[in-house]
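What follows is calculated from the coordinates using simple rules that are stated; it is not laboratory data. Because the structure is a prediction, the values reported are computed rather than measured. A quick note on method: Cβ atoms are made from the backbone with ideal geometry, for glycine too, and the neighbour counts reach across all protein chains shown.
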There are 2 protein chains.
Amino acid sequence: MSPTQPRQILDMNAFNPSRDRAGENPLLERHHHNFGAASVLFYRDPIEMVSASGCWMEAADGTRYLDFYNNVPSVGHCHPRVVEAVSCQLARLNIHTRYLNQCIETYAERLKATLSRTLDNLVMTCTGSEANDLALRIAALKSGNRGVIVTENAYHGNTEAVTAISPSALKRAPLSPHVVTVPAPSVDAFGSDITTGFTTAVKQAIETLRKRGYGLAAFICDAIFSSDGIHADPTDLLKPSIAAVHAAGGIYIADEVQPGFGRTGDAYWGFERHTVTPDIVTMGKPMGNGFPLAGLAVNADALACFCEEYGYFNTFGGNPVACAAGQAVLEVMEEEQLQANAQHIGAHLGTRLEALRHYDRRITAVRGAGLFIGIDLCHSGETATPSPELTSAVINGLRERRVLIGAAGRFGNTLKIRPPLCLDEQEADFFVEALSDTLASLSVKSR
Amino acid sequence: MSPTQPRQILDMNAFNPSRDRAGENPLLERHHHNFGAASVLFYRDPIEMVSASGCWMEAADGTRYLDFYNNVPSVGHCHPRVVEAVSCQLARLNIHTRYLNQCIETYAERLKATLSRTLDNLVMTCTGSEANDLALRIAALKSGNRGVIVTENAYHGNTEAVTAISPSALKRAPLSPHVVTVPAPSVDAFGSDITTGFTTAVKQAIETLRKRGYGLAAFICDAIFSSDGIHADPTDLLKPSIAAVHAAGGIYIADEVQPGFGRTGDAYWGFERHTVTPDIVTMGKPMGNGFPLAGLAVNADALACFCEEYGYFNTFGGNPVACAAGQAVLEVMEEEQLQANAQHIGAHLGTRLEALRHYDRRITAVRGAGLFIGIDLCHSGETATPSPELTSAVINGLRERRVLIGAAGRFGNTLKIRPPLCLDEQEADFFVEALSDTLASLSVKSR
């Protein structure tokens, strides 16, 4: 079979008003009426959620689901410390950053302490999209070029400029010529010497952009290649590519919206696992545990260069309430040692999933770092073929067994594991049992 | 004198690290260190704010300021109803819109009820910038064109695409050729027949875009021309321009980020004063009273056309907490009758400011609607010349008299009045007295 594209697997597991009937669910009908074609709902029979706590979400029918999908409520759904910090600040002062206030400086300094000293300025935004949009503009001004290199199934956000560098967000629209893709780092794409293959691909992309007259502004990736199917290794991958990027006058933007803030367990930031220092780090999603908070870190000179050309102000970005959310997240992460927990529980989960892989040949790979793990699912023929159909069946089987999960990757056959970082061993085991049961119910092929 | 550009007046009243000394204020020094060139602080000696309530903000030194600047905390700073709604929902569920929940539908329906039935779909975002960025992309796909018409000193946001249509955000960077400006509607620009002059300018801009090969995608403006200096009248202005825009295959985007949600007093939305129906309405700032909440309303077919080409998802957009904030704002507006209050207090303020204008010839115009008022300040020579210097002195004089205010307009000589909509008569009078005192202290020229 020809592998299904990722968007199709999303569609397979999403409510589709032209296929699925909304009429039987009044809330669904209202949703379709209010949001039309831009509505994206998980599952063909979407779930109405009413509350959440820790790693669990509760639906309107009383069903409690273990959340293995949502990377935003990273310190746990509705964490009381974050709720309290936001509520208190909201009652006290919620205003933009054109006046001074202590909250933002305290937060900025704590955040900067996690980063290289060369990244000495922050810009606070509301979304990772805004951060990546600004990062691209800084890169273009700093380099004097416009070309961008991304991975084949990358997703970097939803503004016009970042949609253009997000192949996974393009349906019929073609890739703009100023964007060149490289395959995500995998054995499938590059054989056993992934680093050499990936570096060669990046160098070829630089050459393509040069020939097209764009030159290289930026190479942007998240260091765990989330939407490409989660490729955490090898960790010597990025250094030679970044050297080539710098040699071509380009900038390396680390999109930490997904891997950042301790999720990979063995490092605070995804790029740290590769022992590289980005020119710009963008961040978002878990930063405020659900409060719209995002931003970027950059060298002061590069930022000053941008600010000579353009004014930049973000009304809600870095307001005291956003900073209170961010501050609470950093404090909870430290006090509850969530990075260490991600490493510890991630390792436990990895071991159990490897055991399952040895038992069930439809699982062809378990990859990841900390609590960011991908599980490839294939047809079990003579040669393993990516199976988005099996993946879809597993997603729905897990839903029946009260686990929320999604898929990623070029073929849409990678189960994407991203639970809150407070996951405990019992919850990890609950998932493994549910996955094992689901696979068993879908006619197991034993080795 | 040659009129000073608006950016310069902002600079005149902003902390400038290369001119002003941060060393004496440790918090200011930290701020500069953390945010560098992208930092924008009001006043050469910035104010540290600690709390706010109603129309008043309190600084760290205990000074209480009457807020005539901030249009975001529109129902009043830290309104207890908004605080409670957000705090409760934050403790219950804060997740994206890929699951169903009641909050978003209840809010969407209440919001849609304020708009034409033709605008039957919403897209929820976090910022007005994101909303305008998306609106431009929908317009481009719907029209098949790329050209955009904006006013000379327009500001529509901070992403790459919307900065390109925001002349006031460009410092050294030139205007892109796909963007053509028209003067804001004023007697200065068009003489006594503003509507005819403005319509002619829009038609010429359409022709320019046609000649340049871009065609017309969109005409975007806020119906009170905020950053152009607040031009509320005439209200027969927009209809003929929009007819010309439609005839050219373009779309009319009403940017309601500033005038929307009752501020203009005599209408809920700024465009309603012009008895026109936009093709897209974008909204933001006051929508969540400071919680990052924004969005757009558009016809379902136009949105579907966009969604065939691109996937769009906004992680934080329209989450239950954002919707709780938005819902509380709509409820407070209705219960406290804030639109009527904006009309009533706005009229009172207008009358008192007109009286001041008759007394002091340096005030050359008072314009506006509801609680969105502009006051032009000029040198009092034989002919009135815009005076950004006097405006700057007044802004600082008002600060000494405990009133926060800013400037706008092509020459930076328009005092921009945008207090919370809960302003009462006593507070309005406090401002008028402070303005009168300030002008008197700056050597009054009586008529």
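For residue B:210, place a label point 7 Å out from Cα along the Cα→Cβ vector, do the same in each other copy, and report the separations in nm, one decimal, smallest first.
Output for residue B:210: 4.5 nm, nearest copy listed first.
Mind checking which of B:185, B:73, B:26 has the largest fluctuation in a GNM of chain B, springs on alpha carbons under 10 Å?
Taking springs between Cα atoms under 10 Å, the residue moving most is B:26.
For the stretch A:223-371, state what percent of all Cα-Cα pairs lands in each successive 10 Å bin, counting from 0 Å until the bin that includes the largest distance.
10, 31, 33, 20, 5, 1, 0
Would you work out which of A:358, A:333, A:371 lies farthest towards the positive end of the dipole of the stretch A:323-380? Charges go on Cβ: Lys and Arg +1, Asp and Glu -1.
A:358
Lys/Arg Cβ at +1, Asp/Glu Cβ at -1, dipole of the protein assembly as shown taken about the Cα centre: which of B:102, B:200, B:403 is farthest positive-ward?
So the residue we want is B:200.
Would you mind giving the three semi-axes, in whole Å and largest first, of the ellipsoid equivalent to the stretch A:162-232 according to its Cα gyration tensor?
Details: eigenvalues 86, 57, 20 Å².
Computed over the stretch A:162-232, the values are 21, 17, 10 Å.
What value does the protein assembly as shown have for Rg/Rh, both radii from Cα atoms and Rh as Kirkwood defines it?
On the way: Rg = 27.2 Å, Rh = 28.0 Å.
That ratio equals 0.97.
Once the Cα gyration tensor of the stretch A:122-201 is found, what semi-axes does its equivalent ellipsoid get, as square roots of 5 times the eigenvalues, in whole Å, sorted largest first?
Details: eigenvalues 121, 47, 33 Å².
Equivalent ellipsoid of the stretch A:122-201: 25, 15, 13 Å, largest first.
Extending each Cα 7 Å along its Cβ direction at residue B:305 and residue B:48, get the distance between those two points in nm, one decimal.
It is 5.4 nm.
I'd like the Kirkwood hydrodynamic radius of the stretch B:384-447, using the inverse of the mean 1/r over distinct C-alpha pairs, in Å. All intermediate terms of the calculation are to be shown ahead of the outcome.
Working: mean 1/r = 0.0802 Å⁻¹.
That comes to 12.5 Å for the stretch B:384-447.
Using Cα centres only, tell me the gap between the stretch B:313-348 and the stretch B:392-447 in whole Å.
So the separation of the two Cα centres works out to 26 Å.
What percent does the relative contact order of the stretch A:351-442 come to when contacts are Cα pairs within less than 8 Å and at least six residues apart?
Details: 124 pairs, mean separation 22.2, N = 92.
It rounds to 24 percent for the stretch A:351-442.
Tally the DSSP beta bridges in the protein assembly as shown and give the antiparallel ones as a percent, rounded to 5. Walk me through the numbers before you get to the answer.
Details: 72 of 108 bridges.
Antiparallel: roughly 65 percent of the beta bridges in the protein assembly as shown.
May I ask you to derive the relative contact order of chain B, considering only C-alpha pairs under 8 Å and at least 6 residues apart, and to give it as an integer percent? Walk me through the numbers before you get to the answer.
Details: 922 pairs, mean separation 98.7, N = 447.
Relative contact order comes out at 22 percent.
Measuring from a point 7 Å out along Cα→Cβ, what nm distances, shortest first, does residue A:239 have to its partners in the other copies?
Reported distances to equivalent positions: 7.1 nm.
With both bridge residues required to lie in chain B, what share of the DSSP beta bridges run antiparallel, to the nearest 5%?
Numbers: 35 of 52 bridges.
The answer is about 65 percent antiparallel.
Can you tell me the relative contact order of the stretch B:243-389? Whole percent, Cα pairs under 8 Å, sequence separation 6 or more. Mind dumping the intermediate values first?
Working: 199 pairs, mean separation 30.8, N = 147.
Averaging sequence separation for qualifying contacts and normalising by length gives 21 percent for the stretch B:243-389.
One decimal, nm, shortest first: give the distances between the label point of residue A:106 and those of the same position in the other copies, each label point 7 Å from Cα along Cα→Cβ.
When each copy's label point is compared with this one, the spacings are 3.3 nm.
Filter A:203/A:239; A:171/B:203; A:171/B:142; A:142/B:142; B:142/B:239; A:142/A:211 down to the pairs with a C-alpha to C-alpha distance above 24 Å, please.
On the way: A:203/A:239 13 Å; A:171/B:203 35 Å; A:171/B:142 16 Å; A:142/B:142 34 Å; B:142/B:239 21 Å; A:142/A:211 20 Å.
Flagged as over cut-off: A:171/B:203; A:142/B:142.
On full extension of the chain, what length is gained from residue B:355 through residue B:400, given 0.36 nm per residue of separation minus the C-alpha to C-alpha distance?
On the way: separation 45, 0.36 × 45 = 16.20 nm, distance 2.31 nm.
13.9 nm is the gain from fully extending residue B:355 to residue B:400.
Show me the GluC sites (Glu not before Pro) within the stretch B:341-397 that DSSP assigns to loop and that have at most 15 other Cβ atoms within 10 Å of their Cβ. Show your work: numbers first, answer last.
On the way: sites: B:354, B:382, B:389; in loops: B:382.
Here the sparse-neighbourhood loop sites are B:382.
Can you give the Kirkwood hydrodynamic radius for chain B, in Å, rounded to one decimal and based on Cα pairs? Mind showing how you got there, number by number?
On the way: mean 1/r = 0.0443 Å⁻¹.
In chain B this quantity evaluates to 22.6 Å.
Compute the projected area of the convex hull of the Cα atoms of the stretch A:265-314, averaged over all viewing directions, and report it in nm² to one decimal place.
On the way: hull surface 18.5 nm².
So the Cα hull casts an average projection of 4.6 nm².
Just how many % of Cα pairs in the stretch B:200-308 lie over 17 Å apart, if you round to the nearest whole percent? Write out the running numbers ahead of the final one.
Numbers: 3377 of 5886 pairs.
Counting every Cα pair in the stretch B:200-308, those more than 17 Å apart make up 57 percent.
Over the Cα atoms of the stretch A:293-411, Rg to Rh with Kirkwood Rh, two decimal places? Before the final figure, lay out the partial values.
Working: Rg = 21.3 Å, Rh = 18.5 Å.
Over the Cα atoms of the stretch A:293-411, Rg/Rh equals 1.15.
At a Förster distance of 22 Å, what's the computed FRET efficiency of residue A:113 paired with residue A:88, Cβ-Cβ distance as r, to 0.05?
Values: r = 24 Å, r/R0 = 1.07.
Rounded to the nearest 0.05, the efficiency is 0.40.
FRET efficiency for residue B:106 and residue B:443, Cβ-Cβ distance as r, R0 = 56 Å, nearest 0.05?
Working: r = 57 Å, r/R0 = 1.01.
That gives a FRET efficiency of 0.50.
For chain B, what is the mean residue ellipticity at 222 nm derived from helices alone (per DSSP H run of n ≥ 4: -39500 (n - 2.57); sum divided by total residues; nearest 500 deg cm²/dmol)?
Values: 14 runs with 171 residues, N = 447.
Taken over chain B, the calculation gives -12000 deg cm²/dmol.
For the stretch A:116-250, just the Cα atoms, rotate onto the principal axes and tell me the three extents in Å, largest first.
40, 39, 31
Can you pull the three principal axis extents for the Cα set of the stretch B:1-141, in Å, largest first?
Answer, in whole Å and largest first: 53, 40, 28 Å.
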